[in-house]
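Peer 1: I am attaching a structure below and will ask some questions about it afterwards.
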């Protein structure tokens, strides 16, 4: 419920906006679209630095696991005599989620299961036909790290609450 005491923007909102803008600027300097780094910054901006570190660790773990298993899947799919993006291909991608989820649970990173699955699907479905899927996966990991570090830096530098 919105009341007279509800601030228009809290510090977390302001810090999130600043972190996203920094990701945009870093993306411009790198000559890449900063979509994934901005998403990482949003997801890793938490109420304090410790929660942000935990979210960043899980985000990076999920990205690496999903990316590596997705790339392994792509290499296997390319050697199989099945039509790309046909029902068998999609069935194999679906079964590929099992090792992704299992590994995240085994690593005691249940919080990272969703992002690991998202990255796995992104690599195997959205970028399965790419000539160089390794480049996408590598850049995705770099972008994720940039977003995480940007969110952590902004969260460390700016105070938690506005000064009264």
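Peer 1: Taking region 72-98 as the region of interest, how many residues are within 19 Å of residue 134 (Cβ to Cβ) and either free of Cβ contacts under 8 Å to residues at least 40 places away in the same chain or in contact with a strand residue (DSSP E or B) (Cβ under 9 Å, 6 or more places away or on another chain) (or both)?
Peer 2: 8
Peer 1: Moving on. With the requirement that a residue be closer than 13 Å to residue 152 by Cβ and outside any helix (DSSP H, G or I), what does region 1-46 give you?
Peer 2: Selection gives 45, 46.
Peer 1: Here's a follow-up. Got a sec? Which of 80, 141 is surrounded by fewer than 19 Cβ atoms within 10 Å (Cβ to Cβ) and in contact with a helix residue (DSSP H, G or I) (Cβ under 6 Å, 6 or more places away or on another chain)?
Peer 2: Just one listed residue meets the conditions, 141.
Peer 1: Identify, from the list 47, 110, 53, the residue that is over 29 Å from residue 124 (Cα atoms) and either surrounded by fewer than 21 Cβ atoms within 10 Å (Cβ to Cβ) or in contact with a helix residue (DSSP H, G or I) (Cβ under 6 Å, 6 or more places away or on another chain) (or both).
Peer 2: 47
Peer 1: Hey, can you tell me all the residues within region 83-99 that are over 13 Å from residue 125 (Cβ atoms), in contact with a helix residue (DSSP H, G or I) (Cβ under 7 Å, 6 or more places away or on another chain) and either part of a helix (DSSP H, G or I) or at pLDDT 95 or above (or both)?
Peer 2: 99 - this is the single residue of region 83-99 that is over 13 Å from residue 125 (Cβ atoms), in contact with a helix residue (DSSP H, G or I) (Cβ under 7 Å, 6 or more places away or on another chain) and either part of a helix (DSSP H, G or I) or at pLDDT 95 or above (or both).
The values are calculated or read from the model by the stated rules, or taken from the named source; none is laboratory data. None of the values given here were measured: they were computed from a predicted structure. Counting neighbours? That spans all protein chains shown, and the Cβs are built from the backbone with ideal geometry, glycine included.
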